[in-house]
Amino acid sequence: MTRIVQNTDAAAVIATLRQADGYYITNTARDLSQADFKNRILLHTDLMAAKGREAAGYFSLEITGGASVHVDMLRKQVDPFLKLELLRKAMPKTMFQTLCRGTNLFGYRPYPQNVIRLTVREFAKYVDVWRTFDFLNHVPNMEAVFEEVALAGKINEPSICFSTGPEHTNAYYVGKVGEILAVTGTDIILCIKNHGGLGTPQRIGELVDALKQAYPDLVIHYHGHNTDGNEIGRIVEAVLSGARIVDASDHALTGFYGPPPVLTVIQTLKGYGYTAVGMSEEAVIETSDTIRDQRRYYAQFEAQIKGFQPTVQIHKLPGGAMGSSLEQADKGGFLDRMPDILHKELPRVQKDLGNYWSVTPGSQILWTTAVSNVLDGERYANPSGDLKNLLLGKYGPFPFHRPADWIYKKAFGPDWKKIVEAEEGMPGIEDVDLDRERAVLTEKLGMEPTEQQLVLYLQHPNDAVDFFKFEETYGKAYVLPPAIFFREGGFALGDKLTFKDHFGKEHVVEIGPTQKTELGETNVYLNVDHDQRLYLFEPELQPGVRAEVKLSKEEIAALAAEGDIRAPFAGTICAVSVEIGDEIGVGDQLAVIEAMKMQTPILSEVAGVVNAVSAKIGKMLQAGDRIFKIDRFED
């Protein structure tokens, strides 16, 4: 049987999969990049791999979606749409796949319906397979994506997020699939999204078998992570039980927390008499041979803790969150507390909050809550805004049971019952005025944005604008190979850097001497395409010039009670709600601060008039940094 190629009618794809004598493989390169390299694999490396991946004969290549759309702009200075355009030219046959978070799209919180639909329409011009999930398995949160994917003639791949525990029975998942099929119809692919690599091979086989018994014609795509080193076993049982597609990736880059190696999957299942349809083992090997040398440049982004983590069966932290959580612990100085957080507190928090699925954004809520509980020494004493929204049902209903009353009391105070009664339930998010948003973006950029730029701006407004301005100033930096882009330690006198620009023209930059002026400025001489150039850099602020603000949590709270509003923790200002001269009351929102992908509103502790505003959107703050000064009304 031949491979399925891009532009094949969606119904024909489903029919081919149902009749397949064997199984197909999706290369989840995006998932690998996120799980094992903090989303830092550059387009340069993916373009190097394109020839081999195209020849390999994959069912699809997952190359966008999840957090990658954000990180493409934020950390890799590449346009997510340009990435797809260039890869499509290099891979005309292979279907592209995305991971979509339902109403959260490629962000971290719900978006209006018209933003969801516009985003899907634009990305569907490049993306063939839409794997869509919701961290509460709440089907209505995925419906808008389902509808737009179908209208675009693309392939819907709804997901059931999988976990373990007494609530997670076959009956539950069979019922949830029934809810999905009632919305989508039967011409879909159903993904079992085992984002943490949970359960035994036997458990996964039983689940696939139960779904096939209930829905014999259902095409099942199994996705999992290799965090505990046991993913090959789960894949084997999934295929033996009737799964038609499984996920893996290039062995040159596979590690501990992402997908397992493609070649190992093929070789193992061959021993069971199963053939990977359309796959070329030679091309799989060629791909890894081509990109193997690139891995050393990404070593700085691998997790602080190396090795498989069988304890994932306890803490259930997904592969995509594992590396970033370790990095946050390392930077925050609490890496030594990770055993307590992962093996004691995180499982308790999961049970407390209803044993839902630890995947974005729910995994961030679980993680930040567990960290706060351990570091603060008091459980649920410092609830994030997202935890409060979860408790209020803003993301959707709890699937099994809602948390105990004492947790609500800790989060909302003694009047928690009144607050829950007044605010509980999913908000009706009004459509934004797209013309107005386009006008705002035009003003920010100084030119009319494209529809693609508008889509990116609507999801990540601050970072998208910063990226657009960066690219306008410096050009398309994606052309730089990782040896330059991620170079550590600077460049030495005489080093030569070579690369091709976006238009294919080759450039050579030779590092010249560096001199300090009497004013402390730095002169850097470079030979750019054999033309000597001088670059002047202002002196850097010396350490100690600005004294660090170090205040305790109690001191910050005491200052807030006097109208001196300080940052409660390190983070980035993502919204400012007041201006100088505004009259505000107790409980009014002043700003929103974001840390670890979670947004927390800063509320006024006093009634008064705003006298000073230090907050600026995009500004990085340390705990204790001043944000506002409010002159209190006299009692």
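Scanning region 223-271 for residues that are among the small types (G, A, S), part of a helix (DSSP H, G or I) and crowded, with 24+ Cβ neighbours inside 10 Å yields one hit, A238. Being closer than 24 Å to R75 by Cβ and modelled with pLDDT under 95 is a property that S324 has.
Within region 475-509, the residues that satisfy the criterion of being at pLDDT 95 or above, within 20 Å of I291 (Cβ to Cβ), assigned to a loop (DSSP other than H, G, I, E, B) and not aromatic (F, W, Y) are L480, P481. Of all the residues in region 61-79, those that are assigned to a helix (DSSP H, G or I) and either open to solvent by 10 Å² or more (accessible area, probe 1.4 Å) or β-branched (V, I, T) (or both) number 4.
Listed here are the residues, each with its yes/no results for (1) touching a residue at least 12 places away in the same chain (Cβ under 8 Å); (2) under 24 Å from H44 (Cα atoms); (3) surrounded by 12 or more Cβ atoms within 10 Å (Cβ to Cβ); (4) of a type in the set (D, E).
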| position | (1), (2), (3), (4) |
| --- | --- |
| P481 | yes, yes, yes, no |
| G494 | yes, no, no, no |
| E506 | no, yes, no, yes |
| P513 | yes, no, no, no |
| K516 | no, no, no, no |
| E521 | yes, no, yes, yes |
| H530 | yes, no, no, no |
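Filtered by the rule that a residue be touching an Asp or Glu at 6+ places or on another chain (Cβ under 8 Å), open to solvent by less than 20 Å² (accessible area, probe 1.4 Å) and not aromatic (F, W, Y), region 80-101 gives P80, K83, L87, M91, T94, M95, Q97, T98, L99, R101.
Count of region 582-596 residues, restricted to those that are open to solvent by 50 Å² or more (accessible area, probe 1.4 Å) and either under 23 Å from E634 (Cβ atoms) or modelled with pLDDT of 85 or more (or both), is 5. Of all residues in region 373-396, those satisfying the criterion of being surrounded by fewer than 21 Cβ atoms within 10 Å (Cβ to Cβ) and over 30 Å from G428 (Cβ atoms) are V374, L375, D376, G377, E378, R379, A381. A single member of T200, T227 is over 22 Å from V129 (Cβ atoms), among the β-branched types (V, I, T) and in contact (Cβ under 8 Å) with a residue 60 or more places away in the chain, and it is T227. The set of residues in region 42-60 that are over 15 Å from K83 (Cα atoms), of a type outside the set (S, T, N, Q) and outside any helix (DSSP H, G or I) comprises G57, Y58, F59. Among the residues here, G393 qualifies as touching a Gly at 6+ places or on another chain (Cβ under 9 Å) and farther than 24 Å from L198 by Cα.
Of everything in region 172-189 that is within 28 Å of P310 (Cβ to Cβ) and not charged (D, E, K, R), the residue that is least open to solvent (accessible area, probe 1.4 Å) is Y173. Restricting attention to region 1-32, the residues that are open to solvent by 40 Å² or more (accessible area, probe 1.4 Å), aliphatic (A, V, I, L, M) and outside any helix (DSSP H, G or I) total 2. The conditions of being on the phi > 0 side of the Ramachandran plot and assigned to a loop (DSSP other than H, G, I, E, B) are not met by G428. Please go through region 151-165 and pick out each residue that is open to solvent by 20 Å² or more (accessible area, probe 1.4 Å) and in contact (Cβ under 8 Å) with a residue 40 or more places away in the chain. Correct list: G153, K154, T164, G165. So, in region 272-291, of the ones that are within 17 Å of R244 (Cα to Cα) and over 31 Å from the mean Cα position of the chain (by Cα), which residue ends up most open to solvent (accessible area, probe 1.4 Å)? Filtering first and then ranking leaves Y272.
The values are calculated or read from the model by the stated rules, or taken from the named source; none is laboratory data. The model shown is predicted, which means the values in this text are computed figures rather than measured ones. Positions of Cβ are generated from backbone atoms using ideal geometry, with glycine treated the same way; all protein chains shown enter the neighbour counts. Only protein heavy atoms, including side chains, enter the accessible area calculation; ligands, DNA and RNA are left aside. Shrake-Rupley method; radii C 1.70, N 1.55, O 1.52, S 1.80 Å.
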